[in-house]
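Undergrad: If you scroll down you'll find the structure; I have some questions about it.
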Amino acid sequence: MTATLAALALLVPGVTRLELDNGVVVAIEPMPVEGRVAVVMAASGVGETPARSGCRHLLEHLVALGPKRDFDSRVERMGGYLRAETTREAVEIGMDGPPLALETFLQVAKEAAGPFEFTAEQIANEAKVIGEEAAIRPPYTVHAAAAWALAFGEGAPDPMGDASTLAAVPPPVLSSLQAEVFDPRSIVVAITGDVTIEEATNLAYSTLGTLPARRGAPPSKFAPGPRSEVLTAEVSARGSTRAVVVSSLENQATLAKLAAGFALQRAGEQRVLLFTESFQQAVVSLWSAGSDWSGLDTNAGTAVAPFAEAGIRDLARALAPDSPFARARLEARLGAPTGVRATGYLSSVAAKLSPSEVVEAAAWFAEPVALQVRGR
Ligand SMILES: [Zn+2]
């Protein structure tokens with residue numbers, strides 16, 4: 001028993017977690033990635049209400065430009081690259097580049113917290129960009145958004161937002177949203193790569209540490225609402241989707257359902273499995289270009305059994321430390337308050353799933369329990 005625990009401890013990465021006086025949490029993980037550092041800031045204040053659905057996405061677009069619209073050029077001048085993304089849980093701003101750029105990255109992260117002065121013209125422009133993004137969304141992401149709405153109702157509005165509604169958001173609404181989302185107490189910054197703990201600590205204090213502390217109640221966070229009674233939805237995007245609700249990746253049942261999803265992805269033509277990790281509840285969506293799920297509904301076990309072993313391998317590979325999923329996970333999740341379990345560890349747990357667990361979990365994707373989205 002002791003030997004097993006010691007072995008597991010070695011697999012958990014060496015993350016140094018600092019909490020600055022203003023409440024910003026900084027997670028530092030030196031990694032042997034020669035000549036590169038990455039900074040990811042996740043600002044997780046305030047779950048979105050349906051009435052304000054998409055406002056954080058609009059905020060993300062404007063914040064990523066910077067108050068003087070120079071974030072991109074400052075980061076690029078240092079040889080770096082900036083990207084931004086809005087999920088149900090957080091607005092994320094990520095930068096990576098050479099180690100010398102770390103101070104610039106942290107300074108940009110600090111300035112992103114605002115306050116900015118927004119104008120109606122900027123808002124209208126970025127709303128237009130969001131409309132263009134929405135228009136080229138692949139059908140499976142439209143289906144996945146509908147599945148999330150089925151799973152959690154108004155507690156988890158689609159972060160994308162509607163361009164025409166967003167164009168009319170008044171500047172003061174966006175300013176107060178920036179103050180809420182980027183409250184230092186809801187900011188986590190992960191620093192990974194070719195950096196020492198001492199250097200990263202000093203730079204974090206001299207940049208992020210200067211954000212003014214807030215008083216009053218800390219901002220609320222994303223909290224999925226209760227599961228709705230309705231199990232089906234229709235959307236105007238082709239295909240059909242089966243979706244299941246899961247908890248965090250640390251839960252064995254989540255791993256079994258994901259492996260079943262991978263197995264079912266192999267069991268049919270043109271299927272796409274979508275999963276965004278959450279520390280709370282999340283949705284696994286399996287989209288199919290067609291609508292034939294009959295084998296699944298009549299006997300899920302038979303439909304999935306020939307693919308169960310391959311599904312386990314797919315999952316283990318997705319969780320392996322060098323996979324794109326694992327890299328994104330490390331960047332975005334390091335230092336989250338609940339801690340992080342190494343993807344290598346999760347990958348080895350996933351690899352030990354038994355095919356019978358996967359076959360059993362496949363039933364979650366079948367009628368009458370699966371959430372179903374159909375294209376019109
Ligand atoms: Zn966008």
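Undergrad: Just to confirm the number: angle between the C-alpha axis of helix 55-65 and the first principal axis of the chain, 0 to 90 degrees, nearest 10?
TA: So the inclination is approximately 50 degrees.
Undergrad: Here's something else I'd like to know. Output ³J(HN,Hα) for region 189-201: one whole-Hz value per residue in order, computed from phi by the Karplus curve 6.51 cos²θ - 1.76 cosθ + 1.60 with θ = phi - 60°, and x for Gly and Pro.
TA: 10, 9, 10, 10, x, 7, 8, 8, 4, 5, 5, 5, 4
Undergrad: Further question: With a 10 Å cut-off between alpha carbons and a GNM built on the chain, which of Ser247, Ser285, Ser294 moves the most?
TA: Ser294
Undergrad: Work out how much length Ser354 to Phe325 would gain on full extension: take 0.36 nm times their residue separation and subtract the Cα-Cα distance, in nm to one decimal.
TA: Roughly 8.2 nm would be gained on extension.
Undergrad: Compute the length gained on full extension between Ala217 and Ala51: take 0.36 nm times their separation in residues and subtract their Cα-Cα distance, giving the result in nm to one decimal.
TA: This chain segment gains 57.5 nm when fully extended.
Undergrad: When a/c reaches 1.5 or more, the comparison of a/b and b/c decides; with that in mind, is the chain rounded, prolate or oblate per its Cα gyration tensor?
TA: oblate
Undergrad: Fewest to most neighbouring Cβ within 10 Å: what's the order for Arg215, Arg77, Arg56, Arg317?
TA: Ranking Arg215, Arg77, Arg56, Arg317 by Cβ neighbours within 10 Å, fewest first, gives Arg215, Arg77, Arg317, Arg56.
Undergrad: How much length would be gained if the chain were fully extended between Asp297 and Asp194, taking 0.36 nm per residue of separation minus their Cα-Cα distance, in nm to one decimal?
TA: 32.1 nm
Undergrad: Relative contact order of the chain, please, whole-number percent, based on alpha carbon pairs below 8 angstrom and at least 6 residues apart.
TA: 23 percent.
Undergrad: Relative to the first principal axis of the alpha-carbon coordinates of the chain, what is the inclination of helix 324-333, with its axis defined by its Cα atoms, in degrees from 0 to 90 and to the nearest 10?
TA: Taking the Cα atoms of the chain, the angle to 324-333 is about 50 degrees.
Undergrad: By how many degrees, between 0 and 90 and to the nearest 10, does the Cα long axis of helix 120-135 differ from the longest principal axis of the chain?
TA: Helix 120-135 and the main axis of the chain meet at about 20 degrees.
Undergrad: Exposure proxy check: Leu371, Leu286, Leu20, Leu208 ranked by fewest other beta carbons within 10 Å?
TA: Lowest count first: Leu20, Leu208, Leu371, Leu286.
Undergrad: With a 10 Å Cβ neighbour count serving as the proxy for reagent exposure, in which order, fewest first, do His57, His143 appear?
TA: In increasing order of surrounding Cβ atoms, one gets His57, His143.
Undergrad: Under 30 Å Cα-Cα from Lys110, which lysines qualify once same-chain neighbours fewer than 8 residues away are excluded?
TA: Leaving aside lysines fewer than 8 places away in the same chain, those within reach of Lys110 are Lys68, Lys128, Lys221.
Undergrad: Give me the base-10 log of I(q)/I(0) for region 74-205 at each q in 0.19 Å⁻¹, Debye formula, one uniform scatterer per Cα, rounded to two decimals.
TA: Log10 I(q)/I(0), no solvent term: -1.24.
Undergrad: For region 249-259, take each phi angle, set θ = phi - 60°, evaluate the Karplus expression 6.51 cos²θ - 1.76 cosθ + 1.60, and give the result in whole Hz per residue in order, putting x for glycine and proline.
TA: The phi angles translate into 5, 6, 9, 4, 5, 4, 4, 5, 5, 5, 4 Hz.
Undergrad: List the lysines whose alpha-carbon lies under 17 Å from that of Lys257, not counting same-chain residues fewer than 8 positions away?
TA: List returned: Lys352.
Undergrad: Let me ask you something else. Given Cβ point charges of +1 (Lys, Arg) and -1 (Asp, Glu) and nothing else, what value in debye, to the nearest 20, does the dipole of the chain about its Cα centre take?
TA: So the dipole magnitude of the chain works out to roughly 380 debye.
Each value in this text was obtained by applying a stated rule to the coordinates, not by laboratory testing. The model shown is predicted, which means the values in this text are computed figures rather than measured ones. Quick reminder, even Gly has a Cβ in these numbers, built from the backbone with ideal geometry, and neighbours come from all protein chains shown.
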